[in-house]
Structures are given as C-alpha cells and as structure tokens.
Amino acid sequence: MEIKTVGVVGAGQMGNGIAHVLAQAGYEVVLNDISQDSLDQAIATITRNFDRQISRGKSLESDRDEALSRIRTTLTLTDLGPSDLIIEAAAERETIKAAIFEDLLPHLGPDTILTSNTSSISITRLASRTDRPERFMGFHFMNPVPVMKLVELIRGIATDEPTYKACLAVVNKLGKTAAPAEDFPAFIVNRILMPMINEAVYTLYEGVGSVESIDTSLKLGANHPMGPLELADFIGLDTCLAIMNVLHEGLADTKYRPCPLLTKYVEAGWLGRKTNRGFYDYRGDVPVPTR
C-alpha cells in the first residue's frame, strides 16, 4: 500500500521531530498529544528547526510554510484512526504504549499500519495486543530526528512482507537509511550503545575517573563526538535506565545490570538536559560536572 497520511502519537522530543521530517517529505501529518502546551511547543520547535535549516541554506521559507501546512494537531487520539500509518512516540513505558494502541483499535481503517518508535520494548508483545500483528512493526528513529539518518525497522514475529516494504518506502522517501533488526531487547543501536553508557557510569561510580576525564577520554581516545555521560544527559537518564532494565530483564545476563549510580540520579530527578541536571549541571552558561 502507498502511505499518504501519517498519525504521530506524542509531541515530545521524538514526536515533533518525526512530524517535521514526514511533513517535509510531503506526507499529511496528524500530531496528537494529551497536552495542548506540548502541541504548541512542538509546532514552535518544528518552526525553529526549519528556520535553522533556512539560515544554513538547506531549506527555503516556502518549504517551511508548505510543511507546516501539512501538520494538523489534535488532543483527540481517535482522530488518527483514518491514517494510513500510525507512529506511536509516547513515553518509553509499555503500559502507556499498550493503552494507546487499545484506544486506537476501534477507530482504525482495515489497512492501517501500526508502528512504535520504542527504543527497546518487544514489538511482538506490543503487536499481540492489537487486532493486526501482521501490520505492526517497530519504526525507531534516532534523536535528533531531522539530523540523524538512521531508522531501525524491527519486525515482530508476525510482521508481514507488505508491511515491511511499506515502511521501508517511507524511510526511503524521508531520505534516511533503514537498518532491518530482529525483535530482541533494545534491537541494534541501543543493544550496543546503552551498555557502553552504563559502563561509563560504573567507571564513574567506582572512582576510576571523573565525569570530565571519562568524557574527554572517549572523545579524544575513541574519536566519539560526545562523551558517554554527556550523551546520556542528552538522551535522558530515565530513558537510559529504562532500556538497561529491558536488557537486564529480557536477556537475564548480569552484564546488563544497571549501575546503582544511574538509578540514584533518576531517583533524584536529575535526568539530564531536560531537567537541567544530570551528570552535568546545565543551569549556568557552561555545563559543570556534578561529580
């Protein structure tokens, strides 16, 4: 099937980026959230990101205006029902995602494809709670969505070939690259990335190095653009912890045990950039290590 209209559930950091690239590629987008403030902020963020592209000569004002005209916002989840494709980008909690799909089911078209932007949760398990496991798959964008070129496409055990090909066509139209992945905890990127971040937190926890020395070592010693602790703050420490818990529970291997210090930061509400404190304190002009 040809995808023309896309519903996006969640207008946060990932959802607004997904809406941005879809509208830019010519899709009609319906963006949903439970908060009008979140929807307003999403449109403001999309506009700002387009303006940045325009200032760099990568886009035109007419492109921005056309793309914004293709995005409709709504507080009513069921307005997404008639979409050809729905991408769920809500919080990384399985109970929330399952409830969203349950609420959508009575309002879907017979051929609507359901997908989740989850970074770690079982696609097979989410799909099994719907009436269309063969038309359900993982559609995992990287953050920040307008910049990052990769999309993981994760098949559940029941995902059929037409669904995969339809989603692959969307990725191609967005000008991004698809990485097919099997449905095992955290898929490819986070299966490799999160244990590295977790090990960096252990290195801090055990006093092997400070925040600054750990990040400097990986940036200059491994040529990483960001240090692992800086990257954890950018992703969100709550998200990092949630993914490590999925890995630990799903694979039952002690090497995936979340570092107690990571848990402590999350318990303190120090979640990184989004709360202005994590492994760095962002409340001043320059980020300052918190340990």
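The values are calculated or read from the model by the stated rules, or taken from the named source; none is laboratory data. Keep in mind it's a predicted model, so treat the numbers as computed, not measured. Cβ coordinates were reconstructed from backbone atoms using ideal geometry, including for glycine residues, and neighbour counts include every protein chain displayed.
Descriptive notes on the structure:
- Residue in the stretch 112-125 that is outside any loop (DSSP other than H, G, I, E, B), under 20 Å from ILE96 (Cβ atoms), touching a Lys or Arg at 6+ places or on another chain (Cβ under 8 Å) and polar (S, T, N, Q) present: yes
- Scanning the stretch 26-68 for residues that are of a type in the set (Lys, Arg) and part of a loop (DSSP other than H, G, I, E, B), we see that the one that is farthest from PRO146 (Cα to Cα) is ARG56.
- Test for SER59: is it in contact with a Ser or Thr (Cβ under 7 Å, 6 or more places away or on another chain), of a type in the set (S, T, N, Q) and in the same structural domain as ALA127 (by TED's automatic domain parsing): no
Quick grid of which residues meet (1) touching a strand residue (DSSP E or B) at 6+ places or on another chain (Cβ under 8 Å); (2) in a loop (DSSP other than H, G, I, E, B); (3) loosely packed, with under 13 Cβ neighbours inside 10 Å; (4) not acidic (Asp, Glu):
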| residue | (1), (2), (3), (4) |
| --- | --- |
| ARG191 | no, no, no, yes |
| THR203 | no, no, no, yes |
| ASN223 | no, yes, yes, yes |
| ALA232 | yes, no, no, yes |
| CYS240 | no, no, no, yes |
| TYR265 | no, no, no, yes |
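- Verdict on GLU212 being in contact with a strand residue (DSSP E or B) (Cβ under 6 Å, 6 or more places away or on another chain) and at negative phi: yes
- The set of residues in the stretch 31-64 that are surrounded by 12 or more Cβ atoms within 10 Å (Cβ to Cβ) and acidic (Asp, Glu) comprises ASP33, ASP40, ASP51, ASP63.
- If the condition is being farther than 11 Å from ILE46 by Cβ and part of a loop (DSSP other than H, G, I, E, B), then the stretch 10-24 contributes GLY10, GLY12.
- Residue match in the stretch 132-142 (condition: in a loop (DSSP other than H, G, I, E, B) and either closer than 18 Å to GLU102 by Cα or in contact with a Gly (Cβ under 7 Å, 6 or more places away or on another chain) (or both)): yes
- Checking each residue of the stretch 123-133 against the condition of being among the polar types (S, T, N, Q) and farther than 25 Å from ASN32 by Cα gives no match.
- Each residue in the stretch 242-263 was checked for being of a type in the set (Lys, Arg) and either exposed (fewer than 13 other Cβ atoms within 10 Å of the Cβ) or under 18 Å from PRO287 (Cα atoms) (or both), and 1 of them qualify.
- Selection within the stretch 71-107 - surrounded by fewer than 19 Cβ atoms within 10 Å (Cβ to Cβ), of a type in the set (Gly, Ala, Ser), in contact (Cβ under 8 Å) with a residue 12 or more places away in the chain and within 30 Å of MET244 (Cα to Cα): ALA91, ALA98
- Residues satisfying the stated conditions in the stretch 108-160, i.e. over 28 Å from PHE50 (Cα atoms), in contact (Cβ under 8 Å) with a residue 60 or more places away in the chain, among the small types (Gly, Ala, Ser) and surrounded by 21 or more Cβ atoms within 10 Å (Cβ to Cβ): SER120
- Checked against the criterion of being out of contact with any helix residue (DSSP H, G or I) (no Cβ under 9 Å at 6 or more places or on another chain) and either among the hydroxyl-bearing types (Ser, Thr, Tyr) or free of Cβ contacts under 8 Å to residues at least 12 places away in the same chain (or both), the candidates ALA222, ALA169 yield just one match: ALA222.
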